[in-house]
Every structure is written in C-alpha cells, then in structure tokens.
Amino acid sequence: MAEHSTELRNGHKRTTIKLECGENVALCRCFQSKEFPFCDGTHKTLDSDVGPVIVQTPKPEKSD
C-alpha cells in the first residue's frame, strides 16, 4: 500500500510517496480530496475538467 509523509522544507510542504513494485496510485489534482494527496473522486462533483494523476510502477520481472 502506498505510504506518504509530508514535511516542511524551506517554508513549503513537501510530500513523499513510497510505492511497491507493481503498485498504482491516483493522485489528487483538484486539491479537494479528503484523502489528499490521494484522489477520492471529489473532482467528479466539481465544475472542472481536472482529474487525477495516475502513477503506475512496473511490475516486478519474474525470475526463472
């Protein structure tokens, strides 16, 4: 499961998200998600054309 942490750096919030191989995550771009920085679908209720950023990590290669 994606893990995230937010810290203050040089007066700005910085969020780091750690993903496992093969894990996908939808990130909020409307800034209204109750699960921010993750998308919870709130953008669908807004008068906007903004949707989430989808981040996909490669699946691990199978070893023989």
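A few remarks follow.
- Some residue of region 15-26 being loosely packed, with under 13 Cβ neighbours inside 10 Å and among the charged types (D, E, K, R): yes
- The numbered conditions (1) in a loop (DSSP other than H, G, I, E, B); (2) modelled with pLDDT of 90 or more; (3) not aromatic (Phe, Trp, Tyr) are all true for Lys59 except (2).
- Filtered by the rule that a residue be modelled with pLDDT of 95 or more and either assigned to a loop (DSSP other than H, G, I, E, B) or exposed (fewer than 11 other Cβ atoms within 10 Å of the Cβ) (or both), region 32-46 gives Gln32, Ser33, Lys34, Cys39, Asp40, Gly41, Lys44, Thr45, Leu46.
The values are calculated or read from the model by the stated rules, or taken from the named source; none is laboratory data. The shown structure was predicted, so the numbers you read here are calculated from the model rather than taken from an experiment. No Cβ is skipped: glycine too gets one built from the backbone with ideal geometry, and neighbour counts run over all protein chains shown.
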